[in-house]
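Read through the structure below, which is laid out as structure tokens, and then see the notes.
Bear in mind that the values in this text are calculations on the coordinates, not laboratory data. Worth saying up front: this structure is predicted, and the values here are computed from it rather than measured.
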Amino acid sequence: MFKEKLREIRKKQKMTQDDVAEHLGILRQSYSAYERGISVPDTYQLKKLADFFKVPTDYFFGGVNPGLPTAQNDQEKQILMLFRRAEKIPSAQREKLIKGFEDNIDLFLEVINAQ
């Protein structure tokens with residue numbers, strides 16, 4: 001499963017094996033061995049892969065769908081829950097809601113920065 005998930009996310013993000021290998025600081029052949037199932041990364045490299053692709057490490061083992069963001073803390077969980085509820089709103093109205101949210105955040109940040 002690991003090798004399939006690794007190849008899938010790399011291709012989905014339109015990256016080459018060279019791109020990923022360069023980020024990891026390894027040869028392309030070494031990275032290619034991961035995708036072919038000949039070798040597996042150590043925990044340090046696994047973490048670097050997850051960070052590079054912006055997924056939790058358990059994604060590579062079938063634990064998480066990268067299409068859905070994951071929360072890092074309680075506030076992010078609240079925001080994600082609101083986001084998932086907003087998915088039920090028709091597209092045109094949802095775009096207006098998002099625009100209003102962005103405007104409010106920008107206004108809030110302006111006030112904070114002015115202080």
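Beyond 32 Å between alpha-carbons counts as too far, so tell me which of Lys47/Lys88; Lys3/Lys77; Lys12/Lys99; Lys47/Lys96; Lys3/Lys88; Lys11/Lys77 fall in that bin. Check vs 32 Å cut-off fails for Lys47/Lys88; Lys47/Lys96; Lys3/Lys88.
Its alpha carbons give segment 74-115 an Rg and a Dmax of 12.6, 38 Å. Cross-link partners of Lys48 among aspartates and glutamates, defined as those whose alpha carbon lies under 16 angstrom from its own and excluding same-chain residues fewer than eight positions apart: Asp18, Asp19, Glu22, Glu35, Asp58.
With N the number of residues in the chain, Rg(Cα) / (2.2 N^0.38 Å) evaluates to 1.41. Note: relative contact order over the chain, using C-alpha pairs below 8 Å and six or more positions apart, is 20 percent.
Take every pair of alpha-carbon atoms less than 8 Å apart whose residues are at least six positions apart; their mean separation over the length of segment 1-45 yields a relative contact order of 37 percent.
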